[in-house]
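Structure first, then comments.
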Amino acid sequence: MKNALILILFCLFTNYSGALTVVKLTLPKNCNAGNVKITNQSIDQNKKLEIFPNPNSGNFTVVVTFKSKIDKATINIYDLSGKSIFNETVFSNSNKLVKKLNITNLLPGSYILDIVNAQEESSTTLLIKK
């Protein structure tokens, strides 16, 4: 049960970070679990979220490309405990949005950047270093 919980938490974090990670798990010899294939369902070539530079000092550019027209979207930034520390509503007449953000009041650390519109959502990790 403990190994399953660790695996679930790992999968959730990798989906938030947007990173592709290969993991080899070794199970105890007395474990009767079968082979399990883990796939990252969030990898999509038509949906992309980029931050540059990353890491940064709180001054950065966000570029998001969705499958369909964005219209109205919300940019959210969460600390690692899940507390919302920034949100802004943005608009785009295309499927691509480029937005410069200046939130230098953030403390150094890791954050989750999430962009949501009516049809889609994309998340990645934001690193603040000063």
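The values are calculated or read from the model by the stated rules, or taken from the named source; none is laboratory data. For clarity, every value in this text was computed on a predicted model and none was experimentally measured. Glycine gets a Cβ as well: all are built from the backbone with ideal geometry, and neighbour counts include every protein chain shown.
I'd like to know if the range 92-106 contains one or more residues that are hydrophobic (A, V, I, L, M, F, W, C) and touching a helix residue (DSSP H, G or I) at 6+ places or on another chain (Cβ under 6 Å). No, because not a single residue in the range 92-106 is hydrophobic (A, V, I, L, M, F, W, C) and touching a helix residue (DSSP H, G or I) at 6+ places or on another chain (Cβ under 6 Å).
From I103, I6, which residue is at pLDDT 60 or above and either at positive phi or among the β-branched types (V, I, T) (or both)? Checking each option against the conditions leaves just I103.
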